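Structure first, commentary second.
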Amino acid sequence: MSELVDSGPRTGPPPGPAATPQVAGRWSQLSLLGGTLLVDGTEAGLVTGLFPVIRQALGLNLGALGVLTAAGKLVHVVAAPLWVWAAQRWSRRGVLVVATGLWGVWGVAAGFARNFTQLLLFTTVLAAGYAAAQPLVSEIIGDLFDAPSRGRAVGLLYGALALAGALLGPLIGQLAGVRDGWRWGLWGIGALNILFGLVLLRRFRDPGSGAAERQLAGLVRTARPGLTPASVGSLLRIPSFLVLLGSRLLSGHLLLGTFAVVYLVDEFGFTTQRAAVVLMPLGLGYVAGTLLGGFLSDWAARRSPRHGLPAVLQGAQFAFAALAFLGTQVHYGGIGVYALLFGLMGAVQGVNPAVNRPMVMAVTPPELRSAAFTLYVSVFEAIAWAAFGLGAGLLGDRIGLRPVFLAVLVILMAVNGAFLTLLHLWYAKDVDRAQRELDLRRSEVLA
């Protein structure tokens, strides 16, 4: 745990917990973090969205997409802890500038790839840099916003990202009609990434660990642990966090964004440009879901601290499974019906980050949140995404993508919803324990 000291002299009896502090400029800082995630995600999404033409240009098969996806995610398992370690010994701001900004040079290099080996190498190195974004950004959001407003902040962040992605997705899809369009896309986004790194260097200000916790107001952090066996052990003793980690491994909806376009091309015969049309409603649906999820998250937590958030998260998994069956297992002919159903799938999928991120923040102490999100996003989610992507690519070449989507997007997601029932047993207790620990920490320092 971090060591805390009193920030100044006092007289009289030790004061109780301070009022919840409000970090200055928190919304402008959130927008900068959102820009980091947007540029990173757009560059990664370009390869999957334009894979049908990349496949043709480089002479690849469907399994290559699975390998690209798996490599990009598995490298997170190794790279994310290293970036978090560097951030703890250097600065979170510095790591974000380098890893998610200037690292865009590897995206530019990927645009020059002449074969699959080169494309795999450059995109994997690129993904190694982007591994820093999710754990550090998620941790910083917890330092910018207090518990009652985190759901709204996360929802607005991911909603804005999804909106931008929805607008960019169809535009990226149109690059399929341009000679070497996928290369121009990688060059352009790589250059934009480098530019945004310079913006971060100039404008971003790190609020500091625990800046939004009322119990830590007026106290100065002098040390905090890194991603060590001890910190991992502390996290793995939190039952509801273990359930959330298990749920990541069952999150089959992660496969949708990677294979959506190629699925509609291969299974239902659409052209790449026509199939890419579903990316807009998918993204807009995600926008609506994140915005709704953000407000629903804060409302549910107030309405029922014990069962509110678990129920919302659980319901989103069941809803996605039902919509995925209708949207991927039935042939309707025109693209319009798929656009509608993909939009609804995006909406229920968008609810997830606005609920699960605040839940992780609520059950973990501030100084362990980077470690928590490294495990949650960069290890468990990356392993799940890699397994689904690699498996879908290999099995898709042999048996087709439709049975793969049935197993992963429908059946596995229903199992995930049932598994999350365990949160009703432990989540409220873990939140109470985390708050008592912060109260005790403050009282010990001020005694």
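None of the figures in this text is laboratory data; all of them are computed from the coordinates on show. The model shown is predicted, which means the values in this text are computed figures rather than measured ones. Here the Cβ is made from the backbone with ideal geometry for all residues, glycine too, and neighbour counts use every protein chain on show.
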### Message
Tell me which DSSP H helices of the chain clear both cut-offs, 15 Å or more of axial length from alpha-carbon atoms and a mean Kyte-Doolittle hydropathy of at least 1.0.
### Response
62-89, 116-130, 239-249, 254-268, 308-328, 335-363, 382-399
### Query
With the Cα gyration tensor of region 333-417 giving a ≥ b ≥ c as the square roots of its eigenvalues, does the rule (a/c under 1.5 for rounded; else a/b larger than b/c for prolate; else oblate) give rounded, prolate or oblate?
oblate
### Message
So if I place +1 on the C-beta of Lys and Arg and -1 on the C-beta of Asp and Glu, and nothing else carries charge, what would the dipole magnitude of the chain be about its Cα centre? I want it in debye, nearest 20.
### Response
340 debye
## Note on the structure
Given all pairs of distinct Cα atoms, region 224-304 yields a Kirkwood Rh in Å of 16.4 Å
### Query
Given only helices, namely DSSP H runs of n ≥ 4 each adding -39500 (n - 2.57), what is the per-residue ellipticity at 222 nm of the chain, to the nearest 500 deg cm²/dmol?
-24000 deg cm²/dmol
### Query
With springs only between Cα atoms under 10 Å, which of L161, L171, L38 fluctuates most in a Gaussian network model of the chain?
L171
#### Entry: Contact order relative to length of the chain, as percent, for alpha carbon pairs under 8 angstrom and 6 or more apart
29 percent
### region 279-351, relative contact order [Cα under 8 Å, separation at least 6], %
62 percent
#### Entry: Longest segment of the chain lacking trypsin sites (Lys or Arg not before Pro) that sit in a DSSP loop with at most 12 other Cβ atoms within 10 Å
238-447
### Summary
Once normalised by the length of region 34-163, the mean sequence separation of its alpha carbon contacts under 8 Å that are 6 or more apart gives a contact order in percent of 33 percent
### Message
Out of all Cα-Cα pairs in the chain, roughly what percent, to the nearest whole number, are more than 40 Å apart?
### Response
16 percent
### Residue range of the chain that is longest and free of chymotrypsin sites (Phe, Trp or Tyr not before Pro) which are both DSSP loop and sparsely packed (at most 14 other C-beta within 10 Å)
113-331
### Task
In whole angstrom, note down how far apart the Cα centers of region 360-377 and region 234-306 are.
20 Å
